[in-house]
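To start, the structure under review is shown below, and the notes come after it.
The values are calculated or read from the model by the stated rules, or taken from the named source; none is laboratory data. Nothing here was measured: the structure is a model prediction, and the numbers come from that model. Neighbour counts are summed over all protein chains in view; Cβ atoms, including those assigned to glycine, are modelled from backbone coordinates with ideal geometry.
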Amino acid sequence: MSKSLNEKPNAEPLPVGATAGVILNGRYLPPPEDKDGKMWVRTSALIHVDAEDLYKMWRDVESAPLWQEQIESVTRTGEATSHWVMRSKSKDKDKDDTIEWDSEILKDEPGRRIAWRSTGGDSDNAGEVVFEPSPGGRATMVTVLQEFRMGKLASAWETLVGRNPKQAVIENLRHFKALAETGEIPRTQGQPHGPRGMIAGIKKSMYDEETTTPPGLDRKAS
Amino acid sequence: MKALCWMGSSKVEVHNVSDPTILNPHDAILKITRTAICGSDLHLYDGFIPTMEEGDILGHEFMGIVEEIGKNVTNLQRGDRVVVPFTIACGNCEFCKKKIWSACDNTNPNAHLMEAAYGYSGSGLFGYSHMMGGYAGGQAQYVRVPFANIGPLKIESDLPDEKVLFLSDIFPTGYMAAENAQIQENDTVAVWGCGPVGQFAIASAFMLGAARVIAIDRLPERLEMARSIGAITVDYSEEDVSVLTALKDLTGGIGPDSCIDAVGLEAHSAQLQGIYDKVKTAIMLETDRPSVLRQAIQSVRKGGTVSIPGVYGGLLDKVPFGAAFGKGITMKMGQTNMHNYMKPLLERIEKGQIDPSYIISHRITLDQAPEMYKVWRDKKQSVTKIVIDPWAA
């Protein structure tokens, strides 16, 4: 896995003022708009788990394949760096290909915030996750802001699974929440069904059901 | 195993499919002992609910014996007899904690589909379209039950299946409809639709203190059944009957304190507005036929409550909102929060306060189910409720 990754320039850190936060000086901040080839997605979830535990779960990057779609493996390469491998579609229709990139954590505030960016490889992405108590403190509000250029990462999502890459970020947070709250990710893949008709493939793709649901893990039993 | 599959509009077939397996740590596999066809299955049969796929296994009212459990199911054992709620809830999210179980955030693997169509997602449901989760249903010999630590209700007494089966949906649904109707002691309650949910809404309205229940339908066997539990009936199909006038006549001119719409999106109406809705839905300017909802809003007394257990799926036309505002009515509705009602209603059955099996008219095998879907849809053979024994030959 020690391929040298030099195909693309490093992603820039997220600009100041465009963080995952949604409130600045009492005013609501809308998410950044897509421009200059950059795509942004901001999504949030209300999770009934302590911020500290959620932070630990997110920070344990090697467990990301358990809840992030299409991520094959994540290997730590240093205190704040890691190497990511994602499944992608190959020109050869019968088998999947992979794309790979390195990532580094730029800001690491335990129980509160993690910001990262890719530093080389097939993907040009940067992101941030913020964990904060919801108003009144009855749960944790988790906000993710992710930015990518329409490079191989984004097109991998799109071509392989029919997921718009923005939707993939939303789905990943949904999986994260389900896993954190229940110890599993809801799934139907593998259940029985009768004969699918002529247009089943089209419907499956239309319903965005082709992505393999990540395996999840059992945090409550461990 | 054998399973009843949706194969297109007005087309259901029994197929041999693979047995379900444990896919998640909180799953259980049930061997189904009894299952039923629900009125809302007819909305699927008629093609009114989008995101169905050929081969989908139908059925959301079922009970059975636990055959296998996932490694984190701690409350059930192989051999337990359970009734399963049709809504799937995780027990840990914001909504489950608020006991709005049917709004659970963590059980619909296809939440994105529902968000795209409606802007939100509810919980996953068994056998009720991909948008609602795409879970295989229980009109089959076996079923996988996710989040089995939260939903299934153990039946520890020797009550026969038929007396407890309807705890899976229609009895709690009828009961919640009556609860949503905010009935006060000695109120008058009108119930549109005397199918199974309407029947249980009538029975529950009496349990909650209603002094008079007025039941509205057109099918003689249903009206007869409603009268048998104490309701006064109005047959809207009789030529000289106006429902609005009848409800005034029966309430000293003020209208019922509460109105329950146990019909929903496929209401039939003999009047001009019925034809209007049929045409508009046919040309897709409207998705639902809300003639019952219109009547309920028009007839409820000032400051009264309209409760809606009947299913609606989309856009409604010509709903008299001015009357709703002017009278200051309350409207309550939604999928049943099953988990709140199953245990208390089981207790009522155990105490002999109600025997829900009184609504059953047909007992059939799985192989007879495709024919019986059609019979029920066409309102033939005096069908009130069909129960399936999936192992009977």
With the condition kept exactly as written, say whether any residue in the range B:211-218 is β-branched (Val, Ile, Thr), surrounded by 18 or more Cβ atoms within 10 Å (Cβ to Cβ) and out of contact with any Asp or Glu (no Cβ under 9 Å at 6 or more places or on another chain). yes
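Does A:ALA156 count as away from every other protein chain (no Cβ under 14 Å) and at pLDDT below 95?
Here the answer is yes, as A:ALA156 does meet what is asked.
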Which residue out of B:VAL319, B:VAL306 is outside any helix (DSSP H, G or I), within 18 Å of the chain's Cα centre (by Cα) and assigned by TED's automatic domain parsing to the domain that holds B:LEU247? B:VAL306
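In this structure, is A:THR98 more than 30 Å from B:PHE95 (Cα to Cα) and either touching a Gly at 6+ places or on another chain (Cβ under 8 Å) or touching a residue at least 60 places away in the same chain (Cβ under 8 Å) (or both)?
Values: more than 30 Å from B:PHE95 (Cα to Cα): yes; either touching a Gly at 6+ places or on another chain (Cβ under 8 Å) or touching a residue at least 60 places away in the same chain (Cβ under 8 Å) (or both): no.
Criteria not met by A:THR98.
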Do we find a residue being in a helix (DSSP H, G or I) and under 30 Å from B:THR74 (Cβ atoms) anywhere in the range A:164-172? yes
Restricting the search to the range B:138-148, which residues are assigned to a loop (DSSP other than H, G, I, E, B), more than 10 Å from chain A (Cβ to nearest Cβ) and crowded, with 24+ Cβ neighbours inside 10 Å? B:GLY138, B:GLN139, B:ALA148
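Tally the residues that are of a type in the set (D, E, K, R) and at pLDDT below 95, restricting the search to the range B:295-341.
Total meeting the criteria: 2.
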Restricting attention to the range B:158-182, which residues are surrounded by fewer than 24 Cβ atoms within 10 Å (Cβ to Cβ) and out of contact with any helix residue (DSSP H, G or I) (no Cβ under 6 Å at 6 or more places or on another chain)? B:ASP158, B:LEU159, B:PRO160, B:ASP161, B:GLU179, B:ASN180, B:GLN182
Please specify each residue of the range A:200-222 satisfying the condition of being within 8 Å of chain B (Cβ to nearest Cβ) and either β-branched (Val, Ile, Thr) or buried (at least 22 other Cβ atoms within 10 Å of the Cβ) (or both). A:THR213
Without any contact (Cβ under 8 Å) to a residue 24 or more places away in the chain and hydroxyl-bearing (Ser, Thr, Tyr), is that true of A:SER123? no
